[in-house]
Ligand SMILES: [Zn+2]
């Protein structure tokens, strides 16, 4: 292709062998730099599986499955023998007599296991799973806790496991808060008794009958007292 020179030529250089080598060197350095960046973006080397892993198996019974589900989460011990030693999930298996849900459960556990092995933060999986809602409306667990789906229940188990190995920190009401909750509960039950409310003072979950679903902890434990909705499980209150 011909290039038309429209400006005055004020000087010129001939590309020497030295210039060419220099340009190559710069290009190589740039490529190395780009590769380095790519390495940093990578979350971590996928872990290879050790011969033996430690883990926990959780049994869950749900109204949406005929048989109990056994959820096994195995952990790998990182930086063993150092002050930074910690456990992180490596794989998850779910077993049940009931084969009805088998296919999607296998797919889910494989994707979860792959995510575990990728390294980096995995705690986001808990919220992702727990926010899955079943069109049928979910169900209540013993203890009055609302579970929106079987997927969410698997998320609950993962959360429980992450609490246990210390990857998530529990935010339970402290002693002071628990005392306040107990006071509120007793006050409410007294008022109910005075009003001559029939039947048991508490439902099978240990919360007053007619308790509403708490938006914070999803438990049927919120009562209206003095015009305020207060949860007797987690202590959440609209009026502080
Ligand atoms: Zn609550």
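Tell me which residues, restricted to segment 158-174, are touching a strand residue (DSSP E or B) at 6+ places or on another chain (Cβ under 6 Å) and either part of a loop (DSSP other than H, G, I, E, B) or surrounded by fewer than 21 Cβ atoms within 10 Å (Cβ to Cβ) (or both).
165
How many residues are part of a helix (DSSP H, G or I) and touching a residue at least 24 places away in the same chain (Cβ under 8 Å) if we restrict to segment 113-145?
Count: 9.
Output the residue which, of all residues in segment 201-230 that are loosely packed, with under 12 Cβ neighbours inside 10 Å and more than 22 Å from residue 139 (Cβ to Cβ), is modelled with the highest pLDDT.
So the residue we want is 227.
In segment 63-100, which residues are under 28 Å from residue 121 (Cβ atoms) and outside any strand (DSSP E or B)?
Residues satisfying the conditions are 79, 80, 81, 82, 83, 84, 85.
For the structure I just gave you, tell me whether residue 110 is under 16 Å from residue 76 (Cβ atoms) and not in a loop (DSSP other than H, G, I, E, B).
The answer is no for residue 110.
The values are calculated or read from the model by the stated rules, or taken from the named source; none is laboratory data. These numbers come from a predicted model, not from an experiment. Cβ atoms come from the backbone with ideal geometry, glycine included; neighbour counts cover every protein chain shown.
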